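Okay, structure first, notes after.
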Amino acid sequence: MRIFFLLIALLWGNVGYAQVSVSYETLLDSAMTASASNRLEVAEQLYKQVLKMDPSNKGNSLVWGNLGSVQQRLQKTDDALQSYTMALNLTPNLTPVLEQRAGIYQDKKDYGRAMLDYSAVLDEDPTNEVALVNRAYLRMEQNMLNEARLDFEGLLAHYPLHRQGELGLAILSQKQKRYKESADRFSVLIDRYPNDPKLYEARGNMERESM
């Protein structure tokens, strides 16, 4: 008799677990659908409900990341930053989340943290275009000129003719007073993009500085 009741209890336990699991997945699907259809306020509340429903679920790092993305689209940047951090606390090497958090840090002018996140992305994926571009420009702005050159050169090695990379190297060469190299790089860019007046202006500024 005790064995019979034990079996019944186990069966009910499994059914209960299945119901929770299905509800979690169903709610998550609803949140993703709301996000995809641009019903962002609804998606935000649904993602929060998903996290409350099963706080220990192994998939919650992705849920936190999705919540952060929705909050960022809603321009709730502080909330998004917190959600991304929660996601990374659970799974530290989520490249898309690191990218998004780095972007927020960059917008907030917290350049040190932004560079740390971009570096973490590049540790996982050395060819990541977004991280290479942004870290290169951040390093240049922070006067880390040799490090910036390595990033720009790495970017162009993986993505030849990359416009931002070539422009970055032209500006960087000017900062390093390598005026001949800077002039050559600006000339190449102007040949390739002859209708961009900003390139002529930038080259003119560089030439006046070099006199």
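Just checking, how many residues over the stretch 28-47 are out of contact with any helix residue (DSSP H, G or I) (no Cβ under 7 Å at 6 or more places or on another chain) and farther than 18 Å from residue 83 by Cα?
6
Taking the criterion of being touching an Asp or Glu at 6+ places or on another chain (Cβ under 7 Å), at negative phi and surrounded by 15 or more Cβ atoms within 10 Å (Cβ to Cβ), would at least one residue in the stretch 84-99 satisfy it? Give the steps one after another, and end with the answer.
The initial filter retains those residues of the stretch 84-99 that are touching an Asp or Glu at 6+ places or on another chain (Cβ under 7 Å), namely 93, 95, 98.
With at negative phi added as a condition, the list becomes 93, 95, 98.
With surrounded by 15 or more Cβ atoms within 10 Å (Cβ to Cβ) added as a condition, the list becomes 95, 98.
Yes: the stretch 84-99 contains one or more residues that are touching an Asp or Glu at 6+ places or on another chain (Cβ under 7 Å), at negative phi and surrounded by 15 or more Cβ atoms within 10 Å (Cβ to Cβ).
Does the stretch 184-198 contain at least one residue that is open to solvent by 80 Å² or more (accessible area, probe 1.4 Å), within 30 Å of residue 72 (Cβ to Cβ), among the charged types (D, E, K, R) and more than 21 Å from the chain's Cα centre (by Cα)? Give the derivation first.
So the first thing to find is which residues in the stretch 184-198 are open to solvent by 80 Å² or more (accessible area, probe 1.4 Å), and the list is 191-192, 195, 197-198.
Those still in the list that are within 30 Å of residue 72 (Cβ to Cβ) too: 198.
Right, trim to among the charged types (D, E, K, R) and you get 198.
So of that shortlist, the ones also more than 21 Å from the chain's Cα centre (by Cα) come out as 198.
Within the stretch 184-198, one or more residues are open to solvent by 80 Å² or more (accessible area, probe 1.4 Å), within 30 Å of residue 72 (Cβ to Cβ), among the charged types (D, E, K, R) and more than 21 Å from the chain's Cα centre (by Cα).
Determine if the stretch 136-147 includes at least one residue that is in contact with a Ser or Thr (Cβ under 9 Å, 6 or more places away or on another chain), hydroxyl-bearing (Ser, Thr, Tyr) and modelled with pLDDT of 95 or more. Don't jump to the end; show me each part of the working.
Of all residues in the stretch 136-147, those in contact with a Ser or Thr (Cβ under 9 Å, 6 or more places away or on another chain) come to none.
No, that holds for no residue.
Tell me yes or no: at least one residue of the stretch 105-123 is open to solvent by less than 80 Å² (accessible area, probe 1.4 Å), touching a Gly at 6+ places or on another chain (Cβ under 8 Å) and not in a helix (DSSP H, G or I).
Scanning the stretch 105-123, I find no residue that is open to solvent by less than 80 Å² (accessible area, probe 1.4 Å), touching a Gly at 6+ places or on another chain (Cβ under 8 Å) and not in a helix (DSSP H, G or I), so the answer is no.
Residues checked against (1) among the aromatic types (Phe, Trp, Tyr); (2) over 15 Å from the mean Cα position of the chain (by Cα); (3) in a helix (DSSP H, G or I); (4) within 21 Å of residue 122 (Cβ to Cβ):
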position	(1), (2), (3), (4)
57	no, yes, no, no
63	no, yes, yes, no
66	no, no, yes, no
72	no, no, yes, no
80	no, no, yes, no
83	no, no, yes, no
93	no, no, no, yes
96	no, no, yes, yes
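Which ranges mark the helices (runs of 4 or more DSSP H) fully within the stretch 126-202 that have 2 or more residues being within 16 Å of residue 116 (Cα to Cα) and touching a helix residue (DSSP H, G or I) at 6+ places or on another chain (Cβ under 6 Å)?
So the answer is 129-141, 145-158.
When residues of the stretch 18-49 are filtered for being closer than 29 Å to residue 69 by Cβ, assigned to a helix (DSSP H, G or I) and either at pLDDT below 50 or not hydroxyl-bearing (Ser, Thr, Tyr) (or both), how many remain? Break it down stepwise before answering.
Our first condition is that a residue be closer than 29 Å to residue 69 by Cβ; within the stretch 18-49, this holds for 19-49.
This time we only want the ones that are assigned to a helix (DSSP H, G or I), so: 19-36, 40-49.
So of that shortlist, the ones also either at pLDDT below 50 or not hydroxyl-bearing (Ser, Thr, Tyr) (or both) come out as 19-22, 25, 27-29, 31-32, 34, 36, 40-46, 48-49.
Residues in the stretch 18-49 being closer than 29 Å to residue 69 by Cβ, assigned to a helix (DSSP H, G or I) and either at pLDDT below 50 or not hydroxyl-bearing (Ser, Thr, Tyr) (or both): 21 in total.
The values are calculated or read from the model by the stated rules, or taken from the named source; none is laboratory data. None of these values were measured; they are calculated from a predicted model. So basically every Cβ, Gly included, is an ideal-geometry build from the backbone, and we count neighbours across all protein chains shown. Note: areas computed on protein heavy atoms with side chains; ligands, DNA, RNA excluded. Shrake-Rupley method; radii C 1.70, N 1.55, O 1.52, S 1.80 Å.
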